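Report on the following structure.
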Amino acid sequence: MPADARPRRSDTTRAAILAAARERFAADGYERATIRAIAADAGIDPSMVMRYFGNKEGLFAAASDFDLRLPDLSELPPEEIGEALVRHFLKRWEEDEVLTALLRVGVTNPAGAERMQQIFRDQISPVAEAVCPDPAESARRAALTASQILGMAMSRYVLRFPPATEMTRLEVVAWLAPTVQRYLTAERP
């Protein structure tokens, strides 16, 4: 294997730190997670965490750099966008603990809340802007959409309310999609 095709040790170390940080932030929350614990989880000296990320805030920002991997919705009829989004988010929450970790940190820490706001502003707002009847309302519609999606995630994956966890994915889609659809495409009430 050519030398430049092999992963560099620094890339491997950085990836190990980020993986440990995501797990630690998810388990302990932002406030209780420590650089020392994250370094121990990654099997490195705490000074290496500081070398790569500067401080805890820098590490959190890097660890919470999250792509929602939204599907290409441009080919869908506008009336199917709500269902596609709900299906996508349920799948993401069920397959990736990082999004759940971000939600937990987002409700307990200002830096986490700011990060969640940025992710949803940058990734959900363009969806709303593309399909809503009045682009001037896209930010409001994106916030309403996020309220439904994040509310279900909080109920189902963080707090684990039995009625929310007992529903099948299809049932959640059937209940939630029409509301998300209305927020995105209905005329303003």
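The values are calculated or read from the model by the stated rules, or taken from the named source; none is laboratory data. Predicted model only: the values in this text are computed from it and were never measured. Cβ: placed from backbone, ideal geometry, glycine included. Neighbour counts: every protein chain shown. Side chains included, ligands, DNA and RNA excluded: accessible areas come from the protein's heavy atoms. Shrake-Rupley method; radii C 1.70, N 1.55, O 1.52, S 1.80 Å.
The number of residues in segment 92-108 being in contact (Cβ under 8 Å) with a residue 24 or more places away in the chain and open to solvent by 20 Å² or more (accessible area, probe 1.4 Å) comes to 6. Scanning segment 59-77 for residues that are of a type outside the set (Ser, Thr, Tyr) and open to solvent by 70 Å² or more (accessible area, probe 1.4 Å), we see that the one that is farthest from residue 153 (Cα to Cα) is 75. Determine, yes or no, whether residue 111 is part of a helix (DSSP H, G or I), touching a residue at least 24 places away in the same chain (Cβ under 8 Å), within 20 Å of residue 27 (Cα to Cα) and more than 13 Å from the chain's Cα centre (by Cα). It is true that residue 111 is part of a helix (DSSP H, G or I), touching a residue at least 24 places away in the same chain (Cβ under 8 Å), within 20 Å of residue 27 (Cα to Cα) and more than 13 Å from the chain's Cα centre (by Cα).
Is segment 4-14 home to any residue that is under 26 Å from residue 117 (Cα atoms), among the β-branched types (Val, Ile, Thr) and surrounded by fewer than 17 Cβ atoms within 10 Å (Cβ to Cβ)? Looking for residues that are under 26 Å from residue 117 (Cα atoms), among the β-branched types (Val, Ile, Thr) and surrounded by fewer than 17 Cβ atoms within 10 Å (Cβ to Cβ), one finds none in segment 4-14, hence no.
Can you report the number of residues in segment 180-189 which are surrounded by fewer than 18 Cβ atoms within 10 Å (Cβ to Cβ) and in contact (Cβ under 8 Å) with a residue 60 or more places away in the chain? Within segment 180-189, residues that are surrounded by fewer than 18 Cβ atoms within 10 Å (Cβ to Cβ) and in contact (Cβ under 8 Å) with a residue 60 or more places away in the chain number 2.
I need a count of the residues in segment 124-137 that are open to solvent by less than 40 Å² (accessible area, probe 1.4 Å) and in contact (Cβ under 8 Å) with a residue 24 or more places away in the chain. Summing the residues that are open to solvent by less than 40 Å² (accessible area, probe 1.4 Å) and in contact (Cβ under 8 Å) with a residue 24 or more places away in the chain in segment 124-137 gives 6. Applying a threshold of 8 Å to beta carbon distances and a minimum spacing of six or more residues, or different chains, the list of pairs starting in segment 57-83 at a residue that is more than 26 Å from residue 31 (Cβ to Cβ) and ending at one that is open to solvent by 90 Å² or more (accessible area, probe 1.4 Å) reads 82/182. Of all residues in segment 36-58, those satisfying the criterion of being modelled with pLDDT under 90 and surrounded by 13 or more Cβ atoms within 10 Å (Cβ to Cβ) are 56, 58.
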